[in-house]
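Worksheet for the structure shown next.
The values are calculated or read from the model by the stated rules, or taken from the named source; none is laboratory data. Just so it is clear, the structure is predicted and the values come from calculations on it, not from any experiment. Positions of Cβ are backbone-derived with ideal geometry, glycine not excepted, and every protein chain shown enters the neighbour counts. Side chains are part of the model used for accessible areas, which takes the heavy atoms of the whole protein and leaves out ligands, DNA and RNA. Shrake-Rupley method; radii C 1.70, N 1.55, O 1.52, S 1.80 Å.
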Amino acid sequence: MNSVKSHHLFTQARKVTPGGVNSPVRACKSVETDPLFIHSGDGCRITDADGNEYIDYIGSWGPLILGHRHPAVIQAIEAVLQRGTSFGAPTDLETELAELIMAAIPAIDMVRMVNSGTEATMSAIRLARGFTGRDRIIKFDGCYHGHADTLLVEAGSGVATLGIPGSPGVPEGFAALTRSLPFNDLDTFEKVMNAEGDQTAGVIVEPVAGNMGMIPPADGFLDGLRRITEQTGTVLIFDEVMTGFRVAHGGAQALYNITPDLTTLGKVIGGGLPVGAYGGRRDIMSHIAPEGPVYQAGTLSGNPVAMAAGIETLKQLNAPGCYDDLEESTRHLVAGLGQAAQQAGIKIQTTSIGSMFGLFFSDEPVVDFTSAKSCDLAMFTAYYKGMRDKGIYLAPSQFEAGFVSTAHDEAAIEQTLSAARDVFAQVAA
Ligand code: KE4
C-alpha cells in the first residue's frame, strides 16, 4: 500500500505532538510500523490519506458499533446542531440518554455523564472511597481502566503494548494504595480480601477483559468477586467502558447475571463522540455532588451533541435481532480465522463474545496477563502487517480486542477471511 501522504503527515505530527499521536497505542510502535492517517470512514470501511481502503475492526476502539457515519446518527447530530453545541447547563438530552442506559442496565439506579472512560473510572473510584471511607483499591493485572493515577498499575492496553512498568509520575504512595491481582485467580483474591477486605474501598474489574487481548472470565470468577465484596462491604465496580452495549445489550453483567454496585461506561454510549458515564446503586450515587459531598465535575459533561449521538446509537441497537446478528457475524469471522490459521499450520487461540473478539498467537489457552504476555508477538506483528497490506485494519497490538459492527456485511467478512488465508500462509512460510 502506498503510504506517502500518511508518512508525511506523521512526520509533521511528530513535530507538534509526542509520538505524533494523541493516544499512544495509535502509534503502532509495537508492530514496528508507522500509523496510517485516516481521511474518512463509511460503514465498515475507512480510507487513509493516500486513498487506500480498509475494512475496519477497530471502530474507533469500540464506539462505532453501527459503523462509520451511520445515517441516523449523523442526522441526529445535524439536528441538534441547529440548537447549538454546548450550554454548560442541563438539557433534556442528558436525561434521555440516562434513561436509555438505565433501561438496559437495571443495576444502574442513577448515572452521571462524563467525557471519557477514564473520567468514569476515576470518578467511580473516588466515589467508592468517599462512600466507604476506605483508601485501598484492587484491580487485576492486564486490565486497563484509563490513565487515572490510581489505576495505572499493571495496566493493559497501551501500557502493556509499550511495556511501560506502571507509569512515572504516579507517586509511590499513591500506587501503593492500589493492589493488582491476577485476573481469573479467585483464590488469590479471596486470600487478599480475608486479610484486608475491611480496608478495601473498591474492586474494579473488566468483567470481560479486553485490554490484554480478549479474555473471558473463568467460571465462578465474577460470582466470587460479588460474594466476597458483599461480605467485606467493598464496592464492586464493573468497568464496562468496552463491554457495555458491546458484548450484550445489558453488557457483561447481563450475560453473567451479576449485579455490581457501580458500572462505568463509555465508547458505544457516545456513538463516536466523547462520552463516559458511571452509575449504580442510588445509596452510593447520592454521595456525588451536589447531592452529596464527593466532588466530580466537567465543563462538557452531558454535551448535547455527544448526547444526541449516543441516544441515536442506543436506539438503533434496540432494533429486534440486532445483537443476535452481531454475534452471528462475529462468530463466523472468528471461526474462519481459526480455520485459516489451522490450514497454515499456525496455532492460535480465538474467542468472541457478542461483537468483540480476540486472537492470540499461542499454543496454549490464554487465561490471564501472564499467558497473554507469553504469546508470539513477532508472529502477531507479521500478521498485523500482512493484513494491513491486504486492506484489513486491525488493532496494532496483541493486547487489544477487535470489534465487529452492524455494517460488517458478508462480503466484508469473506474479504477478511480471504486475506487471512493468504497472510497465515505467508507468516507460516
Ligand atoms: P478512555 O479514557 O480511553 O475513553 O477510556 C478508558 C478505558 C476504560 N476502561 C476500559 C475497559 C477501556 O478499554 C478504556 C479504553 N480503551 C482503550 C483501548 N483498549 C482506548 C484506546 C486508547 O487508549 O487510545
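Side notes on the structure shown:
- Estimated at the nearest 10 Å², the accessible area of Val159 is 20 Å² with a 1.4 Å probe.
- Arg69/Glu190 FRET efficiency (R0 56 Å; Cβ-Cβ; nearest 0.05): 0.70
- P(r) weight above 34 Å for the chain, C-alpha pairs, percent: 29 percent
- Taking packing as the residue-averaged number of other Cβ atoms within 10 angstrom, the listed peptides 116-122, 139-145 run from highest to lowest as 139-145, 116-122.
- The per residue volume of the convex hull around the alpha-carbon atoms of the stretch 52-143 is 183 Å³.
- In the context of the full set of protein chains, residues of the chain present 41 Å² of accessible surface per residue (probe radius 1.4 Å, heavy atoms only).
- DSSP finds beta bridges in the stretch 71-317, and of those with both partners inside it, around 40 percent are antiparallel.
- Solvent exposure, largest accessible area first (probe 1.4 Å, DNA, RNA and ligands not counted), of Met1, Met212, Met102: Met1, Met102, Met212
- Taking 0.36 nm per residue of separation and subtracting the current Cα-Cα distance, fully stretching the chain between Ala429 and Ser23 would add 142.7 nm.
- The shape of the stretch 246-367 can be summarised by an equivalent ellipsoid whose semi-axes, obtained from the alpha carbon gyration tensor, come to 36, 18, 14 Å from longest to shortest.
- Applying both filters, DSSP loop and at most 14 other Cβ atoms within 10 Å, to the chymotrypsin sites (Phe, Trp or Tyr not before Pro) of the stretch 275-334 gives Tyr295.
- Near His39, the amide H atoms lying under 5 Å from its own belong to Thr47, Asp48, Ala49; only residues 5 or more places off or on other chains count, and H is placed 1.01 Å from N.
- Theoretical ellipticity at 222 nm over the chain - DSSP helices of four or more residues, -39500 (n - 2.57) apiece, nearest 500: -12000 deg cm²/dmol
- Annotation: extensible slack from Arg83 through Leu300 equals 76.5 nm (criterion: 0.36 nm per residue apart, minus Cα-Cα distance).
- Given Lys267/Lys347; Lys267/Lys390; Lys139/Lys390; Lys267/Lys373; Lys29/Lys139, the pairs whose alpha carbons are separated by over 29 Å: Lys267/Lys347; Lys139/Lys390
- Distance histogram in 10 Å bins (all Cα pairs of the stretch 71-317, percent per bin): 8, 33, 36, 18, 4, 0
- In Hz, Karplus ³J(HN,Hα) per residue of the stretch 221-228 (6.51, -1.76, 1.60; θ = phi - 60°; x = Gly, Pro): 5, 5, 4, x, 4, 5, 4, 6
- Solvent-accessible area, 1.4 Å probe, carbon plus sulfur percent, for the chain: 51 percent
- Charge tally around Pro207: other residues with Cβ under 14 Å, Lys/Arg +1 each, Asp/Glu -1 each, net -3.
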